[in-house]
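> Provided herewith is a single structure, encoded as structure tokens, for subsequent inquiry.
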Amino acid sequence: MNRFRKNRKAFFREPDLPAREEKIQQTVQASMNRFIAAQAQEPMTLWEFIYCQSRYIKKRWWVLQALLLALLYHHIRALQELQDPVLIRETLGVGAPLFIILVIPELWRNQSSNAMDIESATMYTLQQLYAARLTLFAGVDLLLLTAFCLGTTASHVLTFWEILIQFVLPVSVTCCICLTCLYTPRVGHQAFSLALCLAFAGIWKEIVSNEKVYQAVTVPAWAAMLTFSLIYMAYCVFRGQRRWRKNMEVKLLWS
């Protein structure tokens, strides 16, 4: 009986095999490949991915943007009774950059939290993550701006052309500033982007408050500036998404 127990212990005893580093690395790599292959078989759809990203965005910034537009609407309606177009232009000229400034903390949250390298280790690339988040911000802001513009023109506070020049144009230019800084991390710090937006707000306020300068700019010139700003905004997004690895200065770990 004792002899059987000794043989049983010897049979179930773990063998003393030396661990080889190269074998361990091969096992780890094989596990990663199997995991990636399994995930690739059931990828999320585009809308599922965007919905997942929306859960990580703090909704308070969109609420603040909606409150800002509501405040601007009631303020310019009150100014309309005073029949002071200069004050209306100044109010819209200051409110437009603030509308974009409110989303700066959320756009720069990954960089300010030093989470870029962490997110580069995920299944989805930073290019996909930023594309989804920019799509969400663009969609929600477009809805808010559309509601504001339609409400302003429907109530005969301003004409559609006036709201385009006095509000949509500075919004577009501020977006261009933010996107340029976002995709240029060496010079695009959050505080620097905020300073540029505030500087533009001050310059724009001076332009629209000067009646001679404002009236001197012709309608084709305003239309050209609006068109150029929209084209440049699209170019910033396209260029930034194409060169995302270089712009974000991170190393992709999943390969």
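Per-residue answers, yes or no, for (1) in contact with a Gly (Cβ under 8 Å, 6 or more places away or on another chain); (2) of a type in the set (Asp, Glu); (3) farther than 17 Å from ILE100 by Cβ:
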position	(1), (2), (3)
VAL157	no, no, yes
ILE163	no, no, no
LEU169	no, no, no
CYS181	yes, no, no
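> Out of the range 150-160, which residues are part of a helix (DSSP H, G or I), without any contact (Cβ under 8 Å) to a residue 60 or more places away in the chain and not aromatic (Phe, Trp, Tyr)?
Of everything in the range 150-160, those that are part of a helix (DSSP H, G or I), without any contact (Cβ under 8 Å) to a residue 60 or more places away in the chain and not aromatic (Phe, Trp, Tyr) turn out to be LEU150, THR153, ALA154.
> Then there is this: Only one residue in LEU46, LEU67 is at pLDDT below 75 and either within 30 Å of PHE148 (Cβ to Cβ) or surrounded by 10 or more Cβ atoms within 10 Å (Cβ to Cβ) (or both), so which one is that?
LEU46
> Of all the residues that make up the range 89-105, how many are hydrophobic (A, V, I, L, M, F, W, C) and either out of contact with any helix residue (DSSP H, G or I) (no Cβ under 8 Å at 6 or more places or on another chain) or surrounded by fewer than 22 Cβ atoms within 10 Å (Cβ to Cβ) (or both)?
Qualifying residue count, the range 89-105: 6.
> Among all residue pairs at least 6 apart or on different chains, which show Cβ distances below 7 Å where the first residue, located in the range 161-183, is closer than 25 Å to PRO85 by Cα and the second is in a helix (DSSP H, G or I) and among the basic types (Lys, Arg)?
GLN166/ARG89
> Can you say whether ARG8 is modelled with pLDDT of 85 or more and among the basic types (Lys, Arg), as far as the supplied structure shows?
Answer is no for this residue.
> Is it fair to say GLY151 is surrounded by fewer than 21 Cβ atoms within 10 Å (Cβ to Cβ), over 18 Å from the mean Cα position of the chain (by Cα) and within 15 Å of VAL94 (Cα to Cα)?
No, not satisfied.
> Same structure, new question: Being among the basic types (Lys, Arg) and without any contact (Cβ under 8 Å) to a residue 12 or more places away in the chain is the filter here, so list the residues in the range 187-215 that pass it.
Answer for the range 187-215, where residues must be among the basic types (Lys, Arg) and without any contact (Cβ under 8 Å) to a residue 12 or more places away in the chain: just LYS212.
The values are calculated or read from the model by the stated rules, or taken from the named source; none is laboratory data. As the structure is a prediction and not an experimental result, all values here were calculated from the model. Every residue, glycine among them, receives a Cβ derived from its backbone with ideal geometry; neighbour counts consider all protein chains shown.
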